[in-house]
Amino acid sequence: MQIRKGLVPLRWLVLLTWALWLGGVPLSSAQDANVSKLRDAGMAAYESGNYAAAKQAFDQAFGLSPLHSLGLWTARARAKLGELLEADERYEKVLKAPLTQSAPSAEREAQEHAAREREELRHRIPRLRIQLEGVDPSEVEVRLDGALIADEYVIVQKQSPFPHGKALQVNPGSHQIVAVSADQRKDLSVTLAEGQTREVSLRFANSGTLKQRKCRDQCRTDCGENNDCYVACKQRCFSKAS
């Protein structure tokens, strides 16, 4: 996310942050010096394009002194790294942090920036719709990058009154989808760009088809090239399966 006209300049932010500390946020001299050092390191790293280092420094400073202005920069660093979901959460944290009536104007300005930037950020977050075919969501465990996905984000088109269902927000980049139903497993890699909405479909065989396949494979193993044996075996197997 580029620094846009209207954002608090770095040099001005430094002065505002000092004003915040003088405005009633109690810090020991050691804490004050440490936060100042971390803040300056974060600013320098951000300006040089080293957003990972900026994120680390801002996070440490924010942990010591949870100022709205520092929280704002922890969100900006995450957005630069493509961690859009995490940036959105941090913007939300800044917006939800209470402000007292005596809070310095810098705190209020930080919240205002956070509100505007979060709205812009949310248009950049990719969305993923996962559709199942041949099976009910209750019969499938779907995971995205190892994390279990709730049923509300999994669509069965024939059953859903909403053709597009509920979209799952993800960070831009590559993701791995794994869906397991009984002894069926589907693996799919998907890549999304910023602002992209993508729909993927995972097709499963129904239970009747699975039983038929199991009978077919078992009878081929048991009977080999003997066709009479194979036909009789399948009849017996189907009868038991049903």
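Relative contact order for the stretch 127-204: what percent, with Cα pairs under 8 Å and sequence separation of 6 or more?
For the stretch 127-204, the relative contact order is 42 percent.
Using a cutoff of 8 angstrom between alpha carbon atoms and counting only pairs six or more residues apart, the relative contact order for the stretch 48-118 works out to 30 percent. Our summary gives the stretch 73-156 a relative contact order of 23 percent, counting only alpha carbon pairs under 8 angstrom and 6 or more residues apart.
The simple spin-label model puts a point 7 Å past each Cα toward its Cβ; for residue 33 and residue 95 those points are separated by 3.9 nm. Quick check: from the Cα gyration tensor, does the stretch 127-204 come out rounded (a/c under 1.5), prolate or oblate? Because a/c hits 1.5 or more and a/b fails to exceed b/c, the stretch 127-204 counts as oblate. Could you work out how far apart the two model spin labels at residue 85 and residue 182 are, taking each label as a point 7 Å from the Cα in the direction of the beta carbon, and quote it in nm? My value for the distance between the label points is 3.1 nm.
Ranked by how many other Cβ atoms sit within 10 Å of their own Cβ, fewest first, the residues 123, 68 fall in the order 123, 68.
Scoring 78-84, 53-59, 41-47, 193-199 by mean Cβ neighbours within 10 Å over their residues and listing the highest first yields 53-59, 78-84, 41-47, 193-199.
For the pair residue 102 and residue 47, a Förster radius of 45 Å applied to the C-beta separation gives a FRET efficiency near 0.90, rounded to the nearest 0.05.
What net charge is computed for the residues neighbouring residue 32, neighbours being all others with C-beta under 13 Å from the C-beta of residue 32, Lys and Arg scored +1, Asp and Glu -1?
+1
Spin-label pair residue 225-residue 141: with each label point 7 Å from Cα along the Cα-Cβ axis, the two points sit 4.3 nm from one another.
Values in this text are rule-based calculations from the coordinates and carry no lab data. Note that the structure is predicted; figures quoted are calculated from it, not measured. Methodologically, a virtual Cβ is constructed for each residue, glycine included, from the backbone with ideal geometry; neighbour enumeration extends over all protein chains shown.
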